[in-house]
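To start, the structure itself, in structure tokens.
The numbers here are math on the coordinates, done by the rules we state, and not lab data. Every value quoted in this text rests on a predicted model; they were computed, and no experiment measured them. Because the Cβ atoms are built from the backbone with ideal geometry, glycine has one as well, and the counts that use them run over all protein chains shown.
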Amino acid sequence: MPYAVPFMMLGAVLFGIGLVGFLTRRNLIIMFLCTEVMFQGVLLNLIAMGLRHGNLQGQGFGLFVLVVAAVEAGLGLAIVVLLYRRRGTLDAESWRTMRG
Amino acid sequence: MGFLAQHILSVIIFFPIAAAIGLLLMPASDPRAIRRNAFLASLATLVFAIVATVYYVDQQRGPQGFHGLALAERCQWISDPLPYNLGGDRPAKLQVQYYVALDGISLPLLLLTALLTPLAIWSSFESIRERVREYYALLLLLHGAMLGVFCARDLLLFYVFFEFTLIPLYLIIGIWGGSQRRRAADMFFLYTLAGSVLTFAAVLYLGWQAFANVRDPADGARVLTFELERLYQLAAEGHLTPSVQSILFLALFAGFAIKVPLFPFHTWLPLAHTEAPTAGSAILAGVLLKLGTYGFLRLSLPMLPVASVTFAPWIAVLAIIGILYGALAAWVQTDIKKLVAYSSVSHLGFCLLGMFSLKMSGLTGSLLYMVNHGLSTGALFLLVGMIYDRYHTREMAELGGLARRMPVFAFFLIFFTLSSIGLPGLNGFIGEFLVLLGAFTSHSTAGGTPPGPLGVWYAVPAALGIVLGAIYMLHLCRAVLFGPLREPRGSQGHAADAHGTTLPADLTLRETALLAPLAACCLWLGVAPKPLFNVMQPPVQSQVLARMRPAMTATLAGNRPASPRVTDADPKSIRTRAVQANPSARTEGR
Amino acid sequence: MTGDVTQLAVWILLAPLMGSILIGMIGLRGLRDRAHWLAILGVAAALVAAVMLFNDLRAIPNAERAAAFEKSHVVYDWFRADAPTGGRGWFPVEFRIDSLTSVMLLTVLSVSLLVIVYSVGYMRDHHGQGERGYERFFAFLALFVFSMCALVLAGNFLLLYLGWELVGLCSYLLIGFYYQKPSAAAAAKKAFLVNRVGDFGFGLGILLIYWRCGDLSYTYVFSDAGRAALDGYETIVALLLFCGAVGKSAQLPLHVWLPDAMEGPTPVSALIHAATMVTAGVYMVARCGAIFTASPTAMAVVAIIGGATALFAATIALTQFDMKRILAYSTISQLGYMFLGLGVHAPASAIFHLFTHAYFKALLFLGAGSVMHAMAGEIDIRRFGGLARGLKITAATFWIGGLALAGFPLFSGFWSKDEIIHAALNHAPILGGLALLTALLTAFYTFRMIFLAFHGPQRLPPGVEHAHESVAWMTVPLLLLSIGAIGAGGVAMASGDFNIHAWLGPVVAPHGEWSGAESHAGGEDLTLMIVSGALSIVGTIAAWYVYRRRPAIATVVPILLPGPHQLLYQKYYVDELYDALIVSPLRRLGRFCFGMDRYVINTLLWLITAVPRSIGFMLKETMQVGAIQGYAMGMAVGVLLIVWVVLAGS
């Protein structure tokens, strides 16, 4: 079933874009969006795997993850808003409390 | 048999744990109810333990004359076919069991734990005023874990309980302790954890060895099991070479020796004892230290007999150093609690000395010593706590002549002092005597027993420890009880503590009732310990000595003279000292 | 019959024990002023039982005695050392009931009863109210009687050790009775610890016996089989056991605790530290005759230590001023005589001396107590004098005790001491000579004390107007004891079972190990009797001359001979020596150990933990920068690494 491969490739590309974006951008919202892109890449891979194995488990799981991702996105954005209220900036560099 | 009879051990172990959870669900606003419920829960556990004892004795009296385990309960805990094809050509499975049972070695310690914890809980009624709910919940958790250690018959289960005791006590010391509680708690935790991590490595290796050698009789599968009975067979069947045994022994030793604590791994103990709240000290001394000695007795000796025989003289030397060192260090303390803490170092040395004599007398004495030490030192810590509740000091220099103000207290302090220094007629004597007897006659082959690794010259310096023991304990009595009355300024014997409650000068009824059962046990064990001996000795023979026998015969009888002379394997220092002290012993040997 | 005897023995033990426990309970209820009745009842019941026991033993025909005496009377099983399959079984609580036991029991219980009665008067203040701790005192005394009886009745070494330690405990508790006095508390501790040092050897001896014999019962150890098992080890076993005796009976070099023990109430000194407990060592050596006699070395050591202690303590007694301490040194000295007797194969004579000494020494101590009572607690013979006028009964009975102690002819001490000296002269003439010299000194220091305290012009310490005779509770026991002090020697001349040599013979010499002085019982050696009687008279007269006729001599001698006088007065500096040689170094060692803990071991720990700590520090400084993206980068690299490893591996 070779036609699954392009989807997987696309998923990998999405993941890679998201990863690079997350690592290079400093804006919290952009970083957050990048994680979502990575997420979609993984999701696409799940579905492609389902396709490859010829069953619906991947798609079922994908749907499930979509719902969770929607919820998580709402929570994540809320957190970003709260962070912005704290510092008045969206620069990730301003949060360094984990420094040892 | 009813539910209780079939599941009595699980009830004993999990009732306190369930009670702890229940306690956490109670409202924190009613400390009295919390205290009462915690105490009742621990008392109920004691009742269950007594019921278990009755069942046990009943089974022991059974027609077939029983030497093994009683009240066993087992079910699969983590049991899976292993995912990888580890079994080579066979199927393989993981089989960690929940397997608890009782024998005559665990029973006395189980009872000791079940008795001490209610008393410890009761003793905290006055002194613990903050976070009452969490405190009692932790004590009950600790209770369940300690009981579990003594019942476990699966090595992994044993280890889980063994480690689980750390956490509640860490929190108890760290939250309700004295001024240096953080440091003490950290040291206690890290020290013991560092040792038991190595122990865990040994546990895993033993399981792996079992995996390599044990087949499931049903389907011939390889089984990754930690069941003690199977692990005992490994050495017996020769799957563990002496060098492997030595490494495993040292790994187990790391955990247990720190727990005991054996010199020179003891420095966490005085600090932890001093900083822990009274109940914590009492349980720490009374039960937790016994986990180490119990581990040696239950795991090291029967599982690694060859290594145990090889290392016995070295451990005995460390134990003797600990006996003398702890006693001398105790003598120069000015803090009462620290004195009692150092006395534990000395006492536990006796315990290990008796154990590694590998003689019936020594092993029985050692086991009895564990119980005795739990009773008398537990009581001594409670007594110290009672002083502290009144005067808020533990400095000997600030106290004196309290016998006048507190006659009942004086009675109990002298009583437990005498028990601790081995006055015949009280419990301490029998343990001490048997330990020394074991060490002294270790080499003899009377009664067809194989010769043990120790000998006369181990008993002699240890016996000196008895003299020193009397010195520091009487020093304590004299400083605190006798002489002109001396109390910290401003207290006048009716010290109002920070919470405005006042304690009477002498012990309250509650405090007396705390000490009375311990005193009664001390007296009972000193005067008529026959039932206990009937319980302890058959399993000591069948569970430990019988498994040691081949190793002892092979290691010792073969290459050493069976005469009671100084052994060639004695560490040099001991031997030269001994020979100088009494040259005749060498020449008069027959 | 056996059942009977065992039961009687159990009652002898239980009666005082119950008395003690009941007093303890009643003490809580506030009936403290009547507490003495329980003690008196308990001990009197035990005494009656002991007399019955004696009669029962006498009823055994002569031919069967040896066998009957060697029997062990088992009460119950105590504990055991060996595997149940090993076969040796339990250490029982068992009694040995024979003539030696009965003599000891009668001595102990009769003196105890009198001392307890005396204490009823003594332990009260001027208003007739019981002193603080009145009921405690009687509870301890009754407990002591129990312990001493247990020691004497013991049928194996474990039980002997039990009694041995329990009497030590009672001694500790009673010496420290006035615990608020620092000196009393210190003396109590010292007594216990010095005894422990002796018990160290004693305990090792017991372990050694078990090791060789596999049993601790007298019945086995003293039997032929037991003696065979000990073959080659008798000397070391006997010497180790003797260590215990040296501690308990305050012989050289462990005598230091006894003089200090005088800090306890006087009845305690009379009962425990003169009449009974301190003689336990003598009893034990006599009991273990089978072991001791097998080793000539051990016997020689016993004799030499005994003889040396007798002389040593007597010389110290010459210079002391505290009445009780003089008596304490005299006790040490008399105990030395007893060991000398044992060492020269005259055990019956030693026990005989033990018997007479119990009465006259208890009498002297109680007399001293009576003086102390009248002098408001003052006991220094420099501070009072001429008391004979006020304290007629006390003075008269004290004289009787003094004469018995000095070995004045026809008094009890004369007969017993004479037998020992006779045996010593036969066996070891040098020791015999020392014993004679000691007899002279004994007479001198005894009457020095008597003349200073009771005669001459009346002098009273400040605060005491009149010297009052004590109450009847105290004087009646004094009178009864003086009968003993005069007449106790009669048991050497009586006939039949009442003759102490005939009675003890089957026990202390069943195998004929003790030989020598036994035949002397009738006192046929007239020369020696004349010599020793003369010596005691000379000593008495000398004391009279020095302290009554020419008191200047007594003042001048210390000035002329300051060195020797100081040496004696300071008790040969033994305490100081021990302190410097043993106590201080040990204490320093203790500090060293504690310092080790704090500095060395904890430093090592610090060094070991320094490795993870420094690695952690480095990681914290380099990796833990706080930027989210830094962590994410690390994670991404880690994931890529893992992927690479997995892919490369497959």
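Tabulated data for the structure shown
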{"read-out": "Amide H contacts under 5 Å for B:ARG486, placed H, 5+ residues apart", "value": "B:GLY400, B:GLY401, B:LEU402"}
{"read-out": "Equivalent ellipsoid dimensions for region B:303-352 as semi-axes, Å, which come from the Cα gyration tensor, largest first", "value": "28, 10, 5"}
{"read-out": "Rounded tilt (10° steps) of C:429-454 against the dominant C-alpha axis of chain C", "value": "80 degrees"}
{"read-out": "Rounded to 5, the percent of DSSP beta bridges in chain B classed as antiparallel", "value": "75 percent"}
{"read-out": "Chain C, helix-only ellipticity at 222 nm - DSSP H runs n ≥ 4, -39,500 (n - 2.57), divided by all residues, nearest 500", "value": "-23000 deg cm²/dmol"}
{"read-out": "When region A:2-91 is reduced to its Cα atoms, the Kirkwood hydrodynamic radius in Å", "value": "14.1 Å"}
{"read-out": "Reciprocal mean inverse distance between Cα atoms of region B:223-328 - Kirkwood radius, Å", "value": "15.1 Å"}
{"read-out": "Kirkwood-based Rg to Rh ratio, region C:414-470, C-alpha trace", "value": "1.29"}
{"read-out": "In sequence order, calculated HN-Hα J values of region C:632-647 (Karplus, 6.51, -1.76, 1.60; Hz; x Gly/Pro)", "value": "4, 4, x, 5, 4, 4, x, 4, 4, 4, 4, 4, 5, 4, 5, 5"}
{"read-out": "Of C:TYR76, C:ALA44, C:LEU561, farthest towards positive along the dipole that unit charges on Lys, Arg, Asp, Glu beta carbons give the protein assembly as shown", "value": "C:LEU561"}
{"read-out": "Calculated Rg and Dmax of chain C using C-alpha coordinates, Å", "value": "30.6, 119"}
{"read-out": "Stretch in chain C that is longest and holds no GluC sites (Glu not before Pro) that DSSP places in a loop and that have at most 12 other beta carbons within 10 Å", "value": "C:1-464"}
{"read-out": "For region C:322-434: span of alpha carbons on each principal axis (Å, largest first)", "value": "47, 23, 19"}
{"read-out": "Kyte-Doolittle at least -0.5, axis length at least 30 Å by Cα - qualifying DSSP helices, chain B", "value": "B:31-60, B:106-127, B:181-213, B:305-331, B:360-391, B:456-481"}
{"read-out": "Amide hydrogen neighbours beyond the local backbone of B:GLY422, cut-off 5 Å, H modeled", "value": "B:GLY428, B:PHE429"}
{"read-out": "Residue-count net charge about B:LEU157 - beta-carbon cut-off 12 Å; Lys, Arg +1, Asp, Glu -1", "value": "-2"}
{"read-out": "Residues listed by number, region B:276-308, amide nitrogen under 12 Å from B:LEU190 label point at 7 Å toward C-beta", "value": "none"}
{"read-out": "Calculated FRET efficiency for the pair B:ALA528/B:LEU43, C-beta based, R₀ 30 Å, to 0.05", "value": "0.75"}
{"read-out": "Vicinal HN-Hα couplings computed from phi for region C:464-473 (Karplus, 6.51 cos²θ - 1.76 cosθ + 1.60; Hz; Gly/Pro x)", "value": "10, 7, 10, 8, 8, 5, 7, 6, 5, 3"}
{"read-out": "Candidate lysines - alpha carbon under 29 Å from C:LYS190, same-chain residues fewer than 8 apart omitted", "value": "B:LYS337, B:LYS338, C:LYS181, C:LYS248, C:LYS324, C:LYS361, C:LYS571"}
{"read-out": "Centroid-to-centroid separation of region C:597-628 and region C:228-267 [C-alpha atoms, Å]", "value": "57 Å"}
{"read-out": "In degrees, nearest ten, helix C:392-406 long axis to first principal axis of chain C (Cα)", "value": "80 degrees"}
{"read-out": "Cα coordinate range in chain B, projected on the principal axes (Å, largest first)", "value": "77, 66, 47"}
{"read-out": "Using a Förster distance of 45 Å, the FRET efficiency for C:ALA552-C:ASN62 (Cβ separation, nearest 0.05)", "value": "0.15"}
{"read-out": "Residues A:ILE30 and B:CYS75, FRET efficiency given R0 of 56 Å [Cβ-Cβ distance, rounded to 0.05]", "value": "0.55"}
{"read-out": "Local electrostatic count, B:SER419, Cβ distance below 14 Å [Lys/Arg +1, Asp/Glu -1]", "value": "-2"}
{"read-out": "Unit charges on C-beta of K, R, D, E only; dipole of region A:2-91, Debye", "value": "260 debye"}
{"read-out": "MRE, 222 nm, helices only [DSSP H, n ≥ 4, -39500 (n - 2.57), over chain B, to nearest 500]", "value": "-21500 deg cm²/dmol"}
{"read-out": "Assigned charges on the beta-carbon of Lys, Arg, Asp, Glu; chain C dipole about Cα centre (debye)", "value": "1800 debye"}
{"read-out": "Electrostatic dipole magnitude of the protein assembly as shown [Cβ: Lys, Arg +1; Asp, Glu -1; Cα centre; debye, to 20]", "value": "2560 debye"}
{"read-out": "Hz values of 3J(HN,Hα) by residue in region C:553-565 - Karplus curve (6.51, -1.76, 1.60), Gly and Pro given as x", "value": "4, 4, 7, 7, 4, x, 6, 6, 10, x, x, x, 4"}
{"read-out": "Per principal axis, descending, Cα span of region B:207-246 in whole Å", "value": "33, 15, 15"}
{"read-out": "Rg/Rg_ref, region C:356-420, where Rg_ref = 2.2 N^0.38 Å and atoms are Cα", "value": "1.20"}
{"read-out": "Cα centroid separation, region B:123-183 to region C:374-401 (Å)", "value": "66 Å"}
{"read-out": "Residue among A:ALA48, A:MET8, A:MET31 farthest towards the positive dipole end of chain A, charges placed on Cβ", "value": "A:MET31"}
{"read-out": "Inter-label distance for C:LEU586 and B:ASP58, nm, one decimal - labels placed 7 Å from Cα along Cα-to-Cβ", "value": "5.2 nm"}
{"read-out": "Distance between modelled label sites at C:THR297 and B:SER243, nm, 7 Å Cα→Cβ extension", "value": "4.7 nm"}
{"read-out": "Three-way shape call for region C:17-137 based on the alpha-carbon gyration tensor, with the a/c threshold at 1.5", "value": "oblate"}
{"read-out": "Rounded to whole Å, sorted largest first: equivalent-ellipsoid semi-axes of the protein assembly as shown, Cα gyration tensor", "value": "71, 35, 27"}
{"read-out": "Neighbour net charge for B:ALA397 - beta-carbon separation under 11 angstrom, K R +1, D E -1", "value": "-1"}
{"read-out": "Residue (of C:ALA472, C:PHE138, C:ILE608) at the positive-pole extreme of chain C, dipole from beta-carbon charges", "value": "C:ILE608"}
